[in-house]
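In what follows, a structure is listed as structure tokens, so that the remarks can point back to it.
The values are calculated or read from the model by the stated rules, or taken from the named source; none is laboratory data. This structure is a prediction, so every number in the text was calculated from the model and none was measured. Here the Cβ is made from the backbone with ideal geometry for all residues, glycine too, and neighbour counts use every protein chain on show.
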Amino acid sequence: MTYTANDYQHLVGIPGFSPDLLAGHFKLYQGYVTNTNKLADNLSGLVEAGKENSPEYAELKRRFGFEFNGMRLHEYYFGNLGGNQGGMEQASGLSRALTGQFGSTEQWEKDFKATGKMRGIGWVILYQDRAGNRLFNQWINEHETGHLAGCSPLLVMDVFEHAFLPDYGLDRASYIEAFFAAIDWQAVGKRLL
């Protein structure tokens, strides 16, 4: 099975994200999809050739997590954007869950944004741990490291430089505000189980 990049052109024109920034970001995402497919094919070929114990296989297997998660995290990220949706509905299940976990949606937002402002590159993900009935804001350095096992992503924010530097320079805080203004809260709420 070959993965195909999703079309996110409907995001062009959302406030806070220039067409050039989005075009570059979409191209980067396409690269993750392409590389995921190449690595899957190469790994399969190495197994078929009896080279599953080779250093090449080991390195490609390690690289696969980076490329695959780069693809998926961008799909979550673009999927939770959609223009100004008017903010989170205070009566929604997501709002109730965040209030129950963090005390209020404002406290959750404060924590999420503070996580996004930390030095470094990576991702900020609001996770749902269904087994423990909890929500966590988590920093992810690289695509494949730092994820909370068994947890489901609800809201994903890219804080690699390509996501904000072209429009905001080093002003990450302004990017985070633009990101929050562009969240499609209905899409995020549908991820809550």
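Search the stretch 182-193 for residues being of a type in the set (Gly, Ala, Ser) and within 17 Å of His10 (Cβ to Cβ), and hand back the single one that is surrounded by the most Cβ atoms within 10 Å (Cβ to Cβ). Filtering the stretch 182-193 for residues that are of a type in the set (Gly, Ala, Ser) and within 17 Å of His10 (Cβ to Cβ), the one surrounded by the most Cβ atoms within 10 Å (Cβ to Cβ) comes out as Ala182.
Which residues, taken from the stretch 68-99, are of a type in the set (D, E, K, R) and touching a residue at least 60 places away in the same chain (Cβ under 8 Å)?
Filtering the stretch 68-99 for residues of a type in the set (D, E, K, R) gives 72, 75, 89, 96.
Within the stretch 68-99, Glu75, Glu89 meet the criteria.
Condition check ((1) buried (at least 16 other Cβ atoms within 10 Å of the Cβ); (2) more than 24 Å from Gly146 (Cβ to Cβ); (3) within 21 Å of the chain's Cα centre (by Cα); (4) among the β-branched types (Val, Ile, Thr)) across all residues:
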| position | (1), (2), (3), (4) |
| --- | --- |
| Leu11 | yes, yes, yes, no |
| Ala23 | no, yes, yes, no |
| Phe26 | yes, yes, yes, no |
| Ala40 | yes, no, no, no |
| Ala49 | no, yes, no, no |
| Met71 | yes, no, yes, no |
| His74 | yes, no, yes, no |
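If the condition is being in contact with a Leu (Cβ under 7 Å, 6 or more places away or on another chain) and outside any helix (DSSP H, G or I), then the stretch 1-16 contributes Val12, Ile14. Here Phe26, Phe17 are screened, and the one residue that is aromatic (Phe, Trp, Tyr) and closer than 21 Å to Asp171 by Cβ is Phe17. For the stretch 139-181, taking the residues that are among the charged types (D, E, K, R) and surrounded by 16 or more Cβ atoms within 10 Å (Cβ to Cβ), the one that is nearest to Pro15 (Cα to Cα) is identified as Asp167. Here Asp111 meets each of (1) over 26 Å from Lys27 (Cα atoms); (2) under 21 Å from the mean Cα position of the chain (by Cα); (3) touching a residue at least 60 places away in the same chain (Cβ under 8 Å) with one exception, condition (3).
On inspection, Val124 fails the criterion of being closer than 17 Å to Lys110 by Cα, in contact with a strand residue (DSSP E or B) (Cβ under 6 Å, 6 or more places away or on another chain), in contact (Cβ under 8 Å) with a residue 40 or more places away in the chain and of a type in the set (Val, Ile, Thr). The condition of being among the hydroxyl-bearing types (Ser, Thr, Tyr) and under 25 Å from Tyr29 (Cβ atoms) holds for only one of Ser152, Ser95, Ser104, that being Ser152. Looking across the stretch 138-155, the residues that are within 19 Å of Asn80 (Cα to Cα) and out of contact with any Lys or Arg (no Cβ under 9 Å at 6 or more places or on another chain) come down to Gln138, Trp139, Ile140, His147.
Test Glu109 against the stated conditions and say whether it is among the charged types (D, E, K, R) and not assigned by TED's automatic domain parsing to the domain that holds Asp41. It is true that Glu109 is among the charged types (D, E, K, R) and not assigned by TED's automatic domain parsing to the domain that holds Asp41. Scanning the stretch 29-38 for residues that are surrounded by 15 or more Cβ atoms within 10 Å (Cβ to Cβ) and either over 21 Å from the mean Cα position of the chain (by Cα) or touching a residue at least 40 places away in the same chain (Cβ under 8 Å) (or both), which turns out farthest from Glu161 (Cα to Cα)? Residue satisfying both the conditions and the ranking: Tyr32.
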